[in-house]
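Enquirer: Below you'll find the structure I mean.
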Amino acid sequence: MMDALVSLCKRRGFIFQSSEIYGGLNSCWDYGPLGVELKNNIKRFWWRTMTQLRDDVVGIDAAILMHPAVWVASGHVAQFTDPLVDCKSCKQRFRGDEIAGGTCPRCGSREITAPRQFNLMFKTYMGPVEEESAIVYLRPETAQGIYVNFLNVLTPARQKIPFGIAQIGKAFRNEISPGNFIFRTREFEQMEMQFFVKPGTDMEWLEKWKAERLGWYGELGLDKEKLRLHQHPNKELAHYAKDAYDIEYQFPFGWKELEGIHNRTDYDLSRHQSHSGKDLSYFDDATNERYIPYIIETSAGVDRTLLTCLVDAYREEEVRGEKRVVLKLHPRIAPMKAGIFPLVKRDGMPEIARRVEHELRTHLPVFYDETGSIGRRYRRQDEAGTPFGITVDSQTLKDETVTVRDRDTMLQERVRIADLPQMLQKRLYA
């Protein structure tokens with residue numbers, strides 16, 4: 001199934017191998033015309049849910065390059081590592097946890113080196129001279145940009161605890177063995193929210209955010225039967241975590257993490273206060289207390305969420321003896337909302353279809369297509385996940401109505417051209 005999905009993504013302009021004409025760059029991907037629309041729709045929906053519809057979460061956009069001391073304080077320089085092993089036979093490298101029973105998963109050899117720790121941060125230099133004092137890192141997560149801006153946001157945003165800071169941005173991890181298409185990559189985008197709470201209320205807020213975030217994926221249109229919460233056992237908790245859960249999805253390659261929800265306690269602000277010398281405590285004028293807030297983190301990958309939407313939406317159906325491939329994406333995130341087709345390229349139908357296209361384009365993304373049979377044009381838009389097909393036919397010439405075809409049911413109805421914007425808005429965003 002994954003091979004078929006990867007093929008569809010290239011064929012329909014969702015995702016391409018980065019630098020493909022030069023042989024490609026491993027684990028790096030480019031988003032095509034449909035892919036970037038889908039990606040932006042997911043980000044917009046997350047941002048609307050997390051900030052616009054709430055009065056207790058505000059947003060920032062922090063720089064990718066940060067002072068190297070940030071990563072010392074956060075523990076990334078010392079602890080952001082994976083065990084790396086080599087197979088002496090096939091020369092492939094793996095994370096230590098990928099080796100079962102001392103056997104290479106690629107060639108079956110038992111000639112495996114002892115594990116050594118490998119830091120996952122990309123390192124570079126700022127300025128013209130490559131020297132130790134000029135080292136900076138590409139951020140491996142967006143969260144630290146939120147923590148170091150805690151005080152900067154608190155006052156101008158006129159927020160009081162409990163409140164959150166949200167951010168969408170690129171992060172970089174020099175993964176030893178990325179894979180499964182865009183599931184694990186070295187360059188990726190995160191949607192993170194850090195919610196600052198009073199100590200003692202942290203577990204209550206953890207439960208609230210678990211429910212909120214799990215429900216969000218249902219609103220995204222994902223199959224609820226393929227979603228679950230997985231609690232990290234104590235021995236697997238990160239060094240900063242008091243408790244942690246993953247929202248997991250059942251991919252074709254198994255149950256995998258979709259989003260992390262963590263109780264980070266006061267670890268992050270305490271570490272940055274200690275290393276920077278700045279007071280990052282909060283004075284609660286309601287209780288006359290001063291404390292360092294605890295943090296409940298929700299961290300989701302944009303690319304991973306996009307892959308999940310594609311996997312969940314992919315269908316192969318048989319219609320009148322032919323295979324129909326369709327992406328049943330939720331209409332709110334579908335890249336194109338409607339395909340517009342003249343039934344034939346004569347009798348004034350293309351001119352009317354172009355008029356419909358121009359009128360609708362001011363309201364939502366649409367695609368015009370007059371090439372090939374109408375059935376083939378429907379199939380192309382089915383593969384692109386487009387919820388509606390609008391056809392201008394001979395009846396249109398008589399009464400200014402068009403045929404509107406539903407992607408999922410393939411049922412058709414007549415709708416007046418003048419009523420199309422309102423009808424589509426209602427069905428797409430209900």
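The values are calculated or read from the model by the stated rules, or taken from the named source; none is laboratory data. All of these numbers come straight from a predicted model, not from anything done at the bench. As a convention, Cβ positions derive from the backbone with ideal geometry for all residues, glycine included, and neighbour counts pool all protein chains shown.
Enquirer: Take the conditions assigned to a strand (DSSP E or B) and either closer than 30 Å to residue 145 by Cβ or not assigned by TED's automatic domain parsing to the domain that holds residue 405 (or both) and apply them to residue 290. Does it pass? Break it down into steps so the answer makes sense when it comes.
Expert: On the way: assigned to a strand (DSSP E or B): yes; either closer than 30 Å to residue 145 by Cβ or not assigned by TED's automatic domain parsing to the domain that holds residue 405 (or both): yes.
Criteria met by residue 290.
Enquirer: Go through 52, 117, 79 for me and flag whichever is in the same structural domain as residue 156 (by TED's automatic domain parsing), out of contact with any Phe, Trp or Tyr (no Cβ under 9 Å at 6 or more places or on another chain) and either touching a residue at least 12 places away in the same chain (Cβ under 8 Å) or not charged (D, E, K, R) (or both).
Expert: Working: 117 fails: in the same structural domain as residue 156 (by TED's automatic domain parsing); 79 fails: in the same structural domain as residue 156 (by TED's automatic domain parsing).
Testing whether each residue is in the same structural domain as residue 156 (by TED's automatic domain parsing), out of contact with any Phe, Trp or Tyr (no Cβ under 9 Å at 6 or more places or on another chain) and either touching a residue at least 12 places away in the same chain (Cβ under 8 Å) or not charged (D, E, K, R) (or both) leaves just 52.
Enquirer: Can you name the residue in region 162-182 that is assigned to a loop (DSSP other than H, G, I, E, B) and surrounded by fewer than 20 Cβ atoms within 10 Å (Cβ to Cβ) and, of all such residues, is nearest to the chain's Cα centre (by Cα)? Let's see the steps before the verdict.
Expert: Filtering region 162-182 for residues assigned to a loop (DSSP other than H, G, I, E, B) gives 162, 173-178, 180-182.
With surrounded by fewer than 20 Cβ atoms within 10 Å (Cβ to Cβ) added as a condition, the list becomes 162, 174-178, 180.
On the way: 162: 26, 174: 19, 175: 18, 176: 21, 177: 20, 178: 17, 180: 15 Å.
Ranking the candidates gives 180 first.
Enquirer: Among the residues that make up region 230-240, is at least one of them under 26 Å from residue 429 (Cα atoms), out of contact with any helix residue (DSSP H, G or I) (no Cβ under 9 Å at 6 or more places or on another chain) and part of a helix (DSSP H, G or I)?
Expert: To start, the set of residues in region 230-240 that are under 26 Å from residue 429 (Cα atoms) comprises none.
Within region 230-240 (the criterion being under 26 Å from residue 429 (Cα atoms), out of contact with any helix residue (DSSP H, G or I) (no Cβ under 9 Å at 6 or more places or on another chain) and part of a helix (DSSP H, G or I)), the answer is no, since none of the residues qualifies.
Enquirer: Turning to a different aspect of this structure: When residues of region 417-430 are filtered for being in contact with an Asp or Glu (Cβ under 8 Å, 6 or more places away or on another chain) and either within 27 Å of residue 315 (Cβ to Cβ) or loosely packed, with under 13 Cβ neighbours inside 10 Å (or both), how many remain? Can you show your working first?
Expert: Pass one, region 417-430, residues in contact with an Asp or Glu (Cβ under 8 Å, 6 or more places away or on another chain): 417-418, 420-421.
Then keep just the ones that are either within 27 Å of residue 315 (Cβ to Cβ) or loosely packed, with under 13 Cβ neighbours inside 10 Å (or both); that gives 418, 420.
Residues in region 417-430 being in contact with an Asp or Glu (Cβ under 8 Å, 6 or more places away or on another chain) and either within 27 Å of residue 315 (Cβ to Cβ) or loosely packed, with under 13 Cβ neighbours inside 10 Å (or both): 2 in total.
Enquirer: Can you tell me which residue in region 321-331 is farthest from residue 43 (Cα to Cα), limited to those that are out of contact with any helix residue (DSSP H, G or I) (no Cβ under 6 Å at 6 or more places or on another chain) and of a type in the set (D, E, K, R)?
Expert: Within region 321-331, the subset out of contact with any helix residue (DSSP H, G or I) (no Cβ under 6 Å at 6 or more places or on another chain) is 321-324, 330.
Next, from what is left, pick out any that are of a type in the set (D, E, K, R): 322-324.
Details: 322: 35, 323: 32, 324: 29 Å.
Checked region 321-331; the qualifying residue farthest from residue 43 (Cα to Cα) is 322.
Enquirer: Taking region 311-321 on its own, how many of its residues are crowded, with 20+ Cβ neighbours inside 10 Å and outside any helix (DSSP H, G or I)?
Expert: Total meeting the criteria: 1.
Enquirer: A follow-up question, please. Exactly one condition in (1) touching a strand residue (DSSP E or B) at 6+ places or on another chain (Cβ under 6 Å); (2) without any contact (Cβ under 8 Å) to a residue 60 or more places away in the chain; (3) not charged (D, E, K, R) is not met by residue 153; state its number.
Expert: Against the list (1) touching a strand residue (DSSP E or B) at 6+ places or on another chain (Cβ under 6 Å); (2) without any contact (Cβ under 8 Å) to a residue 60 or more places away in the chain; (3) not charged (D, E, K, R), residue 153 comes up short only on (2).
Enquirer: What's the number of the condition residue 398 fails, among (1) more than 12 Å from residue 340 (Cβ to Cβ); (2) in a helix (DSSP H, G or I); (3) touching a strand residue (DSSP E or B) at 6+ places or on another chain (Cβ under 6 Å); (4) among the charged types (D, E, K, R)?
Expert: Only one criterion is unmet by residue 398, namely (3).
Enquirer: Tell me which of these residue 222 doesn't satisfy, since it passes every other one: (1) assigned to a loop (DSSP other than H, G, I, E, B); (2) loosely packed, with under 13 Cβ neighbours inside 10 Å.
Expert: Exception for residue 222: condition (2).
Enquirer: Could you say which residue among 355, 414, 324 is outside any loop (DSSP other than H, G, I, E, B), at pLDDT 95 or above and surrounded by 13 or more Cβ atoms within 10 Å (Cβ to Cβ)? Let's see the steps before the verdict.
Expert: On the way: 414 fails: surrounded by 13 or more Cβ atoms within 10 Å (Cβ to Cβ); 324 fails: at pLDDT 95 or above.
Unique residue meeting the criteria: 355.
Enquirer: In the list 62, 69, which residue meets the criterion of being over 30 Å from residue 213 (Cα atoms), in contact (Cβ under 8 Å) with a residue 60 or more places away in the chain and either touching a Ser or Thr at 6+ places or on another chain (Cβ under 9 Å) or surrounded by fewer than 17 Cβ atoms within 10 Å (Cβ to Cβ) (or both)? Break it down into steps so the answer makes sense when it comes.
Expert: Working: 62 fails: over 30 Å from residue 213 (Cα atoms).
When all the criteria are applied, what remains is 69.
Enquirer: Every residue in region 76-88 that is surrounded by 14 or more Cβ atoms within 10 Å (Cβ to Cβ) and over 12 Å from residue 121 (Cα atoms), please.
Expert: Initial filter on region 76-88 (surrounded by 14 or more Cβ atoms within 10 Å (Cβ to Cβ)): 76-77, 80-87.
83, 84, 85, 86, 87, listed by residue number.
Enquirer: Looking at 38, 53, can you tell me which residue is of a type outside the set (Asp, Glu) and farther than 30 Å from residue 205 by Cβ?
Expert: Values: 53 fails: farther than 30 Å from residue 205 by Cβ.
Going through 38, 53 in turn, just one is of a type outside the set (Asp, Glu) and farther than 30 Å from residue 205 by Cβ: 38.
Enquirer: Something else now. Among the residues that make up region 363-381, is at least one of them surrounded by 15 or more Cβ atoms within 10 Å (Cβ to Cβ), among the hydroxyl-bearing types (Ser, Thr, Tyr) and in a loop (DSSP other than H, G, I, E, B)?
Expert: There is no residue in region 363-381 that is surrounded by 15 or more Cβ atoms within 10 Å (Cβ to Cβ), among the hydroxyl-bearing types (Ser, Thr, Tyr) and in a loop (DSSP other than H, G, I, E, B).
Enquirer: In the list 27, 18, which residue meets the criterion of being of a type in the set (Ser, Thr, Tyr) and touching an Asp or Glu at 6+ places or on another chain (Cβ under 6 Å)?
Expert: Only one candidate passes the filter, namely 18.
So that you can scan it fast, the table gives a plain yes or no per residue for (1) in contact with a helix residue (DSSP H, G or I) (Cβ under 9 Å, 6 or more places away or on another chain); (2) over 30 Å from residue 240 (Cβ atoms):
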| residue | (1), (2) |
| --- | --- |
| 308 | yes, no |
| 313 | no, yes |
| 319 | no, yes |
| 335 | yes, yes |
| 355 | yes, yes |
| 381 | no, yes |
| 384 | yes, yes |
